[in-house]
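Take a look at the structure set out below.
Bear in mind these aren't lab numbers, they're just calculated from the coordinates by the rules spelled out. It should be emphasised that the depicted structure is a prediction, and the values quoted were computed from it without experimental measurement. Backbone-built Cβ (ideal geometry, glycine too); neighbour counts: all protein chains shown.
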Amino acid sequence: MAHKFEIYKDKAGEFRVRFKFNSEVMFSTEGYSTKASAENAIASIKKNGPDAPIEDNS
């Protein structure tokens with residue numbers, strides 16, 4: 001699979017989500033205290049991401 005979301009625990013014990021494309025990390029989230037919150041972040045990205053505007057600050 002070329003892309004995927006990963007939920008993992010950081011050194012502080014918080015749950016984080018990272019999105020990988022061809023094994024390269026494209027972005028990662030803030031830390032969440034529960035796994036359910038990390039799963040909710042993935043659901044929000046999937047739901048709201050396709051319609052998100054692009055802001056070009058170049």
Compute the angle between helix 35-48 and the longest alpha-carbon principal axis of the chain, please, reported from 0 to 90 degrees and rounded to the nearest 10.
10 degrees
Starting from the alpha-carbon convex hull of the chain, give the projected area averaged over all orientations, in nm².
5.2 nm²
Computed magnitude of the charge dipole of segment 3-48 (debye, nearest 20; Cβ of K, R +1, Cβ of D, E -1)
120 debye
Charge tally in the Cβ shell below 13 Å around Tyr32, where Lys, Arg are +1 and Asp, Glu are -1, Tyr32 excluded:
0
Residue-averaged 222 nm ellipticity for the chain, from DSSP H runs of 4+ at -39500 (n - 2.57), nearest 500
-8000 deg cm²/dmol
